There are 2 protein chains.
Amino acid sequence: MAVTRRTSRDIRSESRLDVLHALLAAGEASRGDLAAETGLSNATVATVVSDLLEGGIVTEARRTGGRIGRPTTTLRLNGNRGRIVGVDVAETYVRATVFDSALDELASAEVATDEHHDEYDYVIDGIVRALDASLENAHADRDDVLGVGISLPGGMQRWTEVSVVVPNAPWLHVDRLRERIGLPMVVDNPLKAIATAELWFGAGRRHKSMITVNLGTGVGAGIVLEGTILRGAQNGAGEWGHSLLALDGRGCRCGRKGCVEAYVGAAGIQQTLAAIAPEHPLASVPMQREFIGALAAALEPPAHPALTETLELTARYLGSAIADLCAIVNPEMITLTGWTAWALGDHLIPAVRRRVLEEAPGDSAADLAIEVSTVRGNSVATGIATIALERFLGDVGLVTTRVPTAI
Amino acid sequence: MAVTRRTSRDIRSESRLDVLHALLAAGEASRGDLAAETGLSNATVATVVSDLLEGGIVTEARRTGGRIGRPTTTLRLNGNRGRIVGVDVAETYVRATVFDSALDELASAEVATDEHHDEYDYVIDGIVRALDASLENAHADRDDVLGVGISLPGGMQRWTEVSVVVPNAPWLHVDRLRERIGLPMVVDNPLKAIATAELWFGAGRRHKSMITVNLGTGVGAGIVLEGTILRGAQNGAGEWGHSLLALDGRGCRCGRKGCVEAYVGAAGIQQTLAAIAPEHPLASVPMQREFIGALAAALEPPAHPALTETLELTARYLGSAIADLCAIVNPEMITLTGWTAWALGDHLIPAVRRRVLEEAPGDSAADLAIEVSTVRGNSVATGIATIALERFLGDVGLVTTRVPTAI
């Protein structure tokens, strides 16, 4: 069997992650609270907390004394253990966000990049500049940095010809990147980052099988099964945005025809409007994010019928495509994230939910929750920083990563 | 966290399953062979084998003595431990197959059922009659039966109005079934059965992430991730046959429009031919299985251009739909199973492979193997019998089933 074998070391590692997740959710908690929340025994929690205290990952917060019984020490994540940086490399910008070791955001910096200028040295320059600027903004020293997580749109490498990670030769350029960064580094793709953010900070804490649907320029799905991110054979799982909605349908920027992204990506939504009402001013807004913002604002009643129809069609497309996820994966919950979801999610969700119920096979959507993600801010940066923190926890021997991150 | 916690008991259980899988593959093996094959230590293999010998699951086969060194005892599965029955409930028949406890097929019996007559008492009658007849054919006593596995097309319950397991009230009729069967029983759906068969007998032994695509009247996918069958929230994962190939496309018997099954199910393939050449005699063959057999035979050169075109279109549809599985799940391997796959697989696979490579995102299909499954015979019956054996191993305390079977 090629299956990775679990050891008692893995079990200890999982217990530590469970305690960390619970602590992150609670902010501050006693050992008793943590045992109640995680289902671990008091003895296991005591051992785990002792390991985490020794590693400087958690810290004792304060003692509370009630009128009855002995005082209780509460615990929290130790924000002073060091700094973690999450870097979101997108088509038109590189944004680096500095977090403390309790994953609270401290500062960030953005470097605009030209999407037509995508040689890897250029992209690596942008990453290094954003990283340095973010550390400066956070008044952080490079020596304080426990890890840097970099989200590269790797799944798109072949299509967009971004050559940061060239097909079949990823190590070359990642080594170059590692050399330029000069800090402990982990690279992964944005779908795995948003799934991680959802797992640590969002619905993933309550649902063991869950999908986070990202709606923006690109469209994709972060899939969490049994508490673990689905990566697939080439770390390529979740590219649902490039699965078919309609055979021989609209051309997609990936080269395929009829992809989900071509209908529910920001450009796809604008294309739907342009087909209904080519003369509508919103149909020609040049920037996608601006278009989505303006569309959301214009949907307040009384809305132009072309906009209402655009929204209805978009909900229909999105609902059909989510029904396919129900058919294939049958998750407990779906969250929507990304700037299109934040702007249009509340408008879309009721009609999406109806469509999913109509279209998903059998009972597979009967108990499905569909909600806008509660993880806000740059969830790619938060997620990739969390992956970097996981990697740091692995480096200091507190966590065994069974499913390795990409690089 | 809602995630099921692993214990050292689970680890022992996994070791036992690994040894059983290895033994099943080898037929006969020494403890040393098993250690080499599974990667377990000699000490662990010795303990596991001792447990399995004590439970009567394996037996010592013979001692081999070379000229050098001490004689070696080989082991094999103990076929005389008892009998396992796998029951495949399909639309038009119920087929029960009796296996010995080494999962070798002994005998089977089939009862024709009328697909228009689907009250649950009628279907339960068919199951009981097939079971009794199969035991008689195998000269097996009910007391010898360790377990009965029953594959019910549960995912289709709502659509076809088969009321064996009615929506939201499955326990009622399963209890009735259990009472009528009067033997240890497990119920699951056919996609989980074929995935189990692939996991124990086919490509699942070599690939930790793998999808078995079933092509027949119905179309579906048995998905294995990290050596575990993907079940999903309502045991509904794998209904890829009812995910979209084409929005607003061909009507599917499930009620949705444009499902994969409507294009690559046996009826869908015939519909493709009828659209190309309505007058072709094969377009009006009434029985689906007969149509597929005749099509395969007629594809030997020189084939009628309408048939070649039908095959090309079918490969295109199937390749696009498999590319969607690559996009979403990114498996290492895909096997095709079911009578359509056995008849047409070799004709289809080269063109399917090309289409998948063209259509799957990025590198996700670059290393993907696509093959006809090596599990032949009734893989639903074999798989559901294997699930019943797993359940029996659980009942005698040898295996902990982390992901429970449906009922």
Candidate residues B:Cys254, B:Cys259: accessible-area rank, largest first, probe 1.4 Å: B:Cys254, B:Cys259
Cβ neighbours within 10 Å from other chains - mean over B:310-321: 1
Chain A: relative contact order as a whole-number percent, Cα under 8 Å and 6+ apart: 16 percent
Built amide H within the under 5 Å cut-off of B:Ile370, gap 5+: B:Ile334
Sum of -39500 (n - 2.57) over DSSP H runs of 4+, divided by residues of the protein assembly as shown (222 nm, nearest 500): -13500 deg cm²/dmol
Copies compared at A:Ala275 - label distances in nm, ascending, label defined 7 Å from Cα in the Cβ direction: 1.8
Chains B and A, summed buried accessible surface - 1.4 Å probe, Å², nearest 100: 5400 Å²
Share antiparallel - DSSP beta bridges, the protein assembly as shown, percent rounded to 5: 65 percent
Using θ = phi - 60° and Karplus 6.51 cos²θ - 1.76 cosθ + 1.60, couplings along region A:205-210 (whole Hz; Gly, Pro as x): 6, 10, 10, 7, 10, 8
Note, ³J(HN,Hα) from phi for region A:174-189, Karplus 6.51, -1.76, 1.60, rounded to Hz, x at Gly and Pro: 5, 5, 4, 4, 4, 5, 5, 6, x, 9, x, 9, 9, 10, 8, 9
Sparse-neighbour loop sites [trypsin sites (Lys or Arg not before Pro); region B:329-394; at most 13 other C-beta within 10 Å; DSSP]: B:Arg376
Projected label distance in nm at A:Glu28 and B:Ala26, using a 7 Å step from Cα toward the beta-carbon: 5.9 nm
Spin-label pair B:Arg180/A:Asp175, simplified geometry with 7 Å Cα→Cβ offset, distance in nm: 6.7 nm
Long-range amide H partners of A:Ser30 with built H, under 5 Å: A:Leu75
Mean Cβ neighbour count within 10 Å, used as a protection proxy, ranking B:209-218, B:20-29, B:242-251, B:381-390 highest first: B:381-390, B:209-218, B:242-251, B:20-29
Label point 7 Å beyond Cα along the C-beta direction, distances from A:Ala26 to other copies (nm, shortest first): 4.9
Per-copy distances of the A:Ala112 label point, shortest first, in nm (7 angstrom along Cα→Cβ): 7.6
Under-5 Å amide H pairs with B:Ala237, H placed in peptide plane, nonlocal only: B:Gly232
Restricting region B:11-60 to trypsin sites (Lys or Arg not before Pro) in coil, as DSSP defines it, with at most 14 other Cβ within 10 Å: none
Per-residue ³J(HN,Hα) for region A:350-362, Karplus 6.51 cos²θ - 1.76 cosθ + 1.60, θ = phi - 60°, Hz, x for Gly and Pro: x, 6, 4, 4, 4, 5, 4, 4, 5, 9, 6, x, x
FRET efficiency estimate (nearest 0.05) - Cβ-Cβ, B:Ala43 to B:Val396, R0 25 angstrom: 0.60
Within-12-Å neighbourhood charge of B:Gly220 [Cβ basis; K, R +1; D, E -1]: -1
Average other protein chain Cβ within 10 Å of Cβ, residues A:352-364: 5
Subset of B:Lys192/B:Lys257; A:Lys192/B:Lys257; A:Lys257/B:Lys208; A:Lys208/B:Lys257 violating a 27 Å alpha-carbon distance limit: A:Lys192/B:Lys257; A:Lys257/B:Lys208; A:Lys208/B:Lys257
Surface accessible to a 1.4 Å probe, per residue, for the residues of the protein assembly as shown, Å²: 40 Å²
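The values are calculated or read from the model by the stated rules, or taken from the named source; none is laboratory data. Computed from a prediction, not measured in an experiment: that's the story for all the values here. Note that each Cβ is placed from the backbone with ideal geometry, even for glycine, and that neighbours are counted across all protein chains shown. Accessible surface is based on the protein model in full, side chains and every heavy atom, while ligands, DNA and RNA are left aside. Shrake-Rupley method; radii C 1.70, N 1.55, O 1.52, S 1.80 Å.
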